[in-house]
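Have a look at the structure below before the remarks.
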Amino acid sequence: MENKNKIITSPFEKIMNFRDMGGYQTEDGRRVKKGIFYRSGDLSKMTENDKVVFEKLGIRTIFDYRDDGEAKAKPDPIFGNVVNIRIPAKGNVGFEMPTVTLKDLDQRDFLQNINEDNFTKMYSQLAFNNPSYQRLMDIVQEPDQLGLLHHCAAGKDRTGVGGALILLALGVPRDTVLVDYLLTNHYMKPMRDAMIPILSKLLNEQEMQQFGDIMSAKEGYLQAVFHAIDQQYGNTDRFLEGEFGLDFSKRQQLQQYYLE
């Protein structure tokens, strides 16, 4: 697995888990161009300085995976030259996306069904028959709509699967896709470290473990996506064609656009 050319610092003051998805090597030795695909968490707390930085990135589309309630509570910023698209990615997954506010954690109610097994099950379902990812992959095929910033609340789960789909379509091997996914743990570490002393006074040992399940990008989560792809389609190529219409010729076109 590689981790070359990845910048481990964010240019933003108040955007969590932001990064450029470029720089990764594909199976044929080319690399994903930088400045095309970005991923992040919630955008609602952008500072004025953040907005200045954002407008220099050449982003034309903000793609939001969040549900109605999440977006209403923390709306995305509006930029004059950017199209905002929001299609909830949870779809038919029978699992409520967790929040991580101290108020919710103190109430504890949402922790009842949050554990590693449920997260793994959620991941295994997300990539299939999902209108959000289907629209995402349509946008990826339209260079005029890019650069693209796709995000959810933390930029970990729904964004993690979306990022994996983009990189797989570009021919990035699975072990490298996993590297990109796990970088979330680095970007979210300052927030986790700040919350742990407070939470340790509110939660018992089991609940702290559940908090870790919520706030961590675990290898097993994304491997559940890969396993489900192989179970349902046999391999990545058939999956990309079956779910998104990305046959060999369309993927070649994508790679011509976005690889160097």
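We did not get these values from a lab; they are worked out from the coordinates using the rules stated. Not measured: the values here are computed from a predicted model. FYI the Cβ positions are ideal-geometry reconstructions off the backbone, even for glycines, and counts take in every protein chain you see.
Things to note:
- Listed by number, the DSSP H helices of the chain that run 20 Å or longer by alpha-carbon position along their axis and have mean Kyte hydropathy of at least -1.0 are 174-199, 219-233.
- Computed E for Lys74/Leu202 - FRET, C-beta separation, R0 22 angstrom, nearest 0.05: 0.45
- By average C-beta atoms within 10 angstrom, highest first, the peptides 166-173, 44-51: 166-173, 44-51
- Separation of the Glu116 and Tyr257 label points, Cα + 7 Å toward Cβ, nm: 3.9 nm
- The stretch between Gln232 and Glu13 holds 74.7 nm of extra length on full extension. This uses 0.36 nm per residue minus the Cα-Cα distance.
- Relative contact order (%) - criterion: Cα under 8 Å, at least six apart; region: the chain: 26 percent
- A DSSP coil position with no more than 11 other Cβ atoms inside 10 Å describes the following trypsin sites (Lys or Arg not before Pro) in region 115-224: Lys201.
- Potential lengthening of the chain between Ser249 and Asn129 amounts to 41.0 nm, from the contour at 0.36 nm per residue minus the alpha-carbon distance.
- Computed across the chain, the Kirkwood radius stands at 18.8 Å (inverse of mean 1/r, all Cα pairs).
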